[in-house]
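This report concerns only the one structure given below.
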Ligand SMILES: Cc1cc2nc3c(=O)[nH]c(=O)nc-3n(C[C@H](O)[C@H](O)[C@H](O)COP(=O)(O)O)c2cc1C
């Protein structure tokens, strides 16, 4: 792998602040084309991507606002809703379920690889991403709000994307020596 490719892997980071300008659909298409190149046991093509438009986003934001208000009060709920309304790109990723639980698990693994491909591709194009799985995504009403049947698909992530407004420092990792060992 060329140095530049390796540098790209090291440079990807979660974006926490997006500029308001939307990202061109052509760039999203490029990132999705990279996503579906992820490894996939039995080539089940388990990934399903849904771009969420204003009406669907608003439904999710309202459900989340109720959660936040209940926990942290009306003001916190309002602020969170404002923040979420300013996020320019919303992409839902789900994974096809299978009657065989192991196959479902492998499908989910492939979808996680697809999300990483998507985020790396976006990063290469200068677009920031945030993989979210907040409490709202675990509400029983969530699949209905965003349009999938939970009997048929598992939630993988709600991916926010947009042009980064602020640079964030790279997050820390445990040193490699602490997570890598060798067996004879
Ligand atoms: C499965 C998954 C779910 C995540 N859900 C959230 C989330 O709900 N909220 C959030 O702020 N970050 C979420 N993240 C992003 C992680 O917090 C982030 O990757 C981590 O802090 C490391 O930062 P980095 O991506 O900049 O390296 C999620 C990441 C993954 C892989």
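If we scan region 155-163, do we find a residue that is within 15 Å of the ligand (Cβ to nearest atom), buried (at least 16 other Cβ atoms within 10 Å of the Cβ), free of Cβ contacts under 8 Å to residues at least 60 places away in the same chain and closer than 14 Å to residue 90 by Cβ? Within region 155-163 (the criterion being within 15 Å of the ligand (Cβ to nearest atom), buried (at least 16 other Cβ atoms within 10 Å of the Cβ), free of Cβ contacts under 8 Å to residues at least 60 places away in the same chain and closer than 14 Å to residue 90 by Cβ), the answer is no, since none of the residues qualifies. Residues that are in a loop (DSSP other than H, G, I, E, B) and more than 25 Å from residue 17 (Cβ to Cβ) within region 132-146 comprise 139, 140, 141, listed in sequence order. Residues satisfying the criterion are absent from region 36-47 (criterion: at pLDDT 95 or above, out of contact with any helix residue (DSSP H, G or I) (no Cβ under 6 Å at 6 or more places or on another chain) and buried (at least 17 other Cβ atoms within 10 Å of the Cβ)). Here residue 149 passes the criteria (1) in contact (Cβ under 8 Å) with a residue 40 or more places away in the chain; (2) more than 15 Å from the ligand (Cβ to nearest atom); (3) touching a helix residue (DSSP H, G or I) at 6+ places or on another chain (Cβ under 9 Å); (4) under 19 Å from residue 108 (Cα atoms) except the one numbered (1).
Of all residues in region 13-30, those satisfying the criterion of being surrounded by 19 or more Cβ atoms within 10 Å (Cβ to Cβ) and away from the ligand (no atom under 16 Å from the Cβ) are 23, 28.
May I ask you to list the residues in region 59-76 that are crowded, with 16+ Cβ neighbours inside 10 Å and without any contact (Cβ under 8 Å) to a residue 12 or more places away in the chain? Correct list: 69 only.
Scanning region 77-107 for residues that are under 23 Å from residue 46 (Cα atoms), surrounded by fewer than 20 Cβ atoms within 10 Å (Cβ to Cβ) and either within 15 Å of the ligand (Cβ to nearest atom) or modelled with pLDDT under 95 (or both) yields a single hit, 105. Give the residues of region 121-138 that are under 20 Å from residue 168 (Cα atoms), in contact with a strand residue (DSSP E or B) (Cβ under 9 Å, 6 or more places away or on another chain) and more than 9 Å from the ligand (Cβ to nearest atom), sorted by residue number. Once the filter is applied, which keeps residues that are under 20 Å from residue 168 (Cα atoms), in contact with a strand residue (DSSP E or B) (Cβ under 9 Å, 6 or more places away or on another chain) and more than 9 Å from the ligand (Cβ to nearest atom), region 121-138 yields 122, 123, 126, 127, 128.
The values are calculated or read from the model by the stated rules, or taken from the named source; none is laboratory data. As the structure is a computational prediction, the values presented were derived from the model and not from experiment. Note that each Cβ is placed from the backbone with ideal geometry, even for glycine, and that neighbours are counted across all protein chains shown.
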